[in-house]
1. Taking residue 272 as meeting all but one of (1) part of a helix (DSSP H, G or I); (2) under 30 Å from residue 326 (Cβ atoms); (3) touching a helix residue (DSSP H, G or I) at 6+ places or on another chain (Cβ under 9 Å); (4) at pLDDT below 95, write down the number of the exception.
2. Considering only residues that are modelled with pLDDT under 95 and loosely packed, with under 13 Cβ neighbours inside 10 Å, which ones fall in the range 329-348?
3. Looking at the range 36-57, which of its residues are farther than 20 Å from residue 105 by Cα and assigned to a helix (DSSP H, G or I)?
4. What number goes with the only condition from (1) crowded, with 17+ Cβ neighbours inside 10 Å; (2) on the phi > 0 side of the Ramachandran plot that residue 86 does not pass?
5. Considering only the range 117-140, state which residues are under 17 Å from the mean Cα position of the chain (by Cα) and either closer than 17 Å to residue 14 by Cα or not in a strand (DSSP E or B) (or both).
6. Could you please let me know if residue 257 is farther than 30 Å from residue 78 by Cβ, at pLDDT 85 or above, crowded, with 16+ Cβ neighbours inside 10 Å and in contact with a helix residue (DSSP H, G or I) (Cβ under 8 Å, 6 or more places away or on another chain)?
7. Would you check if there is a residue in the range 66-87 being part of a loop (DSSP other than H, G, I, E, B) and under 22 Å from the mean Cα position of the chain (by Cα)?
8. Among the candidates 94, 112, single out the residue that is outside the structural domain of residue 64 (by TED's automatic domain parsing), within 30 Å of residue 181 (Cβ to Cβ) and in contact with a helix residue (DSSP H, G or I) (Cβ under 7 Å, 6 or more places away or on another chain).
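The values are calculated or read from the model by the stated rules, or taken from the named source; none is laboratory data. As the structure is a computational prediction, the values presented were derived from the model and not from experiment. When we count neighbours, we look across all protein chains shown, and the Cβ atoms used for this are built from the backbone with ideal geometry, even at glycine.
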């Protein structure tokens, strides 16, 4: 498989059509209608006249998306001295050779994936960029995928009035989880590949254990960074568009709102505006916000539950960051999170 074919195969495996379309247009290219057609067009363009500059730019965008795509992120805090020691240790860390490191940042072929045991965890790449150290962790995991079945292959009577049939297929998939050491805040982020409906928690614990076991001098990373205070800060932030909101009122009323197709700010909804007059103070426990960056929407979701508000000492250290094209988009959201935290600390 030539490099451009590896790149296009990996893009098709990991990027959404809307993200790919935006990247291609930003690079001065043109896509087509749908993922398959766009990949076919790009492949044909490369075969007809290979454009090295376009390839390199597309490759760099894909690489950044591996580090900063849709991620379920867990935050931990270290004291400055311990963090610096840990940062310098991993900056010079020697990666063991593996099929993952040999192919990074590309996705393995289906044949190669089947040959890798599911319990295998490898660091495939270490990359430093602007006070951030990225450790890419590759694993193979089983997922279940719902697929539509050919009606002709199903033996049923026409009188049963079935129009569609679906099956659940077990697949092996390569995951690119990323551990990020943030020198500006002495924090460690576990950025887990995020798939809707996939249970991230179990694999997060395995990745965390793997990282802890290779940390120098038995350094323990157990101090969670509490993000509870950012829930209200996000609600008050007028720079973005609130697309999901679950909250309680002081009268113990529970409400949940979600913007249809993320087209409008929930705070501007007539129903919500009327309610906010009667009940000016709310207690959010789950909130999503979108920002328009160069005509492209990125999203931050704090996936809290009602239990959060019932706790004496509420704690949440996880968020879902999605729709990011590159490091710039991702850092915008990360910087927002820390600006919320700093603003809360100042107001204490």
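1. Among (1) part of a helix (DSSP H, G or I); (2) under 30 Å from residue 326 (Cβ atoms); (3) touching a helix residue (DSSP H, G or I) at 6+ places or on another chain (Cβ under 9 Å); (4) at pLDDT below 95, the lone unmet condition for residue 272 is (2).
2. 342, 345, 346, 347, 348
3. 36, 37, 38, 40, 41, 44, 45, 47, 48
4. Result: residue 86 fails condition (2) only.
5. Listed by number, the residues that qualify are 136, 137, 138, 139.
6. Working: farther than 30 Å from residue 78 by Cβ: yes; at pLDDT 85 or above: yes; crowded, with 16+ Cβ neighbours inside 10 Å: yes; in contact with a helix residue (DSSP H, G or I) (Cβ under 8 Å, 6 or more places away or on another chain): yes.
Yes: the conditions hold for residue 257.
7. Going through the range 66-87, the residues part of a loop (DSSP other than H, G, I, E, B) turn out to be 69-70, 78-79.
Cutting the leftovers down to under 22 Å from the mean Cα position of the chain (by Cα) gives us 69-70.
Among the residues of the range 66-87, at least one is part of a loop (DSSP other than H, G, I, E, B) and under 22 Å from the mean Cα position of the chain (by Cα), which makes the answer yes.
8. 112
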